[in-house]
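Remarks on the structure that follows.
The values are calculated or read from the model by the stated rules, or taken from the named source; none is laboratory data. Since we're looking at a predicted model, the values are computed, not measured. In this analysis, Cβ positions are derived from the backbone assuming ideal geometry, glycine residues included, and neighbour counts consider all displayed protein chains. When the accessible area is computed, the model is the full protein with side chains, heavy atoms only, and any ligands, DNA or RNA have been set aside. Shrake-Rupley method; radii C 1.70, N 1.55, O 1.52, S 1.80 Å.
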Amino acid sequence: MSYALIRSATDEDGAAIGKLIASVFADYENCHYIEDEFPELEHPSSYYAAMGGQIWVAEQDGEIVGSLAVSESLTPGIFELHKVYVSKKARGQGLAWSMYNLATDLIDSRQGKTIRLWSDTRFLEGHAFYEKIGFTKVPVIRFLGDFSNSWEYGYRLEAHEAD
């Protein structure tokens, strides 16, 4: 196995990102990947660019094994993370941390003050990662109404907490 390369995603990466997400979802009970629930993957690079952000992927041996996207909210200084996924076989290599650092570089370059995200209540490893890097779970939970009947926890990181 070779080292992973982290790069900006292209619009052509959508199907491979979908395959990554499906592989992560498969590890959780009643967590289904339904392509129609991810229209942003038709053109992921253009989608996140239009949202004032960017999406990165980690590629290893010709396969996308990680992703992370960031977008700018309508409220100045607030950014949101999306599509934070690393395949089971690629975990523990620092890929999520490396992609997160690229996102925070972009956020810092735009004077971002707050980062928020939503995470499925089943994704315990992800929650541990977010809390390890300083995110705080907020007392809000939302229901997506998707095929998997997903509920998500909200997380938030203020700029002063990241220093």
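Dipole orientation for the chain: of the candidates 38, 57, 154, 154 has the Cα lying most toward the positive pole (charges on Cβ; Lys, Arg +1; Asp, Glu -1). Rounded to the nearest 20, the size of the Cβ-charge dipole of region 31-163 about its Cα centre is 420 debye, with Lys and Arg at +1 and Asp and Glu at -1. Between rounded, prolate and oblate, where does region 42-163 land on the alpha carbon gyration tensor, with a ≥ b ≥ c its root eigenvalues, rounded for a/c under 1.5, else prolate if a/b exceeds b/c? Rounded. Need the C-alpha centroid separation for region 15-67 versus region 93-135, integer Å. One Cα centre to the other: 16 Å. Would any residue of region 22-53 have its amide N under 17 Å from a label point 7 Å out along Cα→Cβ of residue 141? List them or say none. 29-31, by backbone N distance to the label point.
Rounded to a whole number, what % of the accessible area of the chain do carbon and sulfur atoms account for, probe 1.4 Å?
C and S fraction of accessible area: 53 percent.
Across the options 48, 136, 102, the greatest Cα extent toward the positive end of the charge dipole of the chain (unit charges at beta carbon of Lys, Arg, Asp, Glu) belongs to 136.
Per-residue ellipticity at 222 nm computed for the chain from its helices equals -8500 deg cm²/dmol, with DSSP H segments shorter than 4 residues left out and the rest contributing -39,500 (n - 2.57).
With all projection directions averaged, the alpha carbon convex hull of region 1-112 covers 7.1 nm². Modelled spin labels at residue 46 and residue 97, positioned 7 Å past Cα toward Cβ, are 3.7 nm from each other. Computed over region 1-101, relative contact order equals 29 percent, with contacts defined as Cα pairs under 8 Å that lie 6+ residues apart.
For the chain, the solvent-accessible area works out to 54 Å² per residue, with a probe of 1.4 Å and every protein chain left in place.
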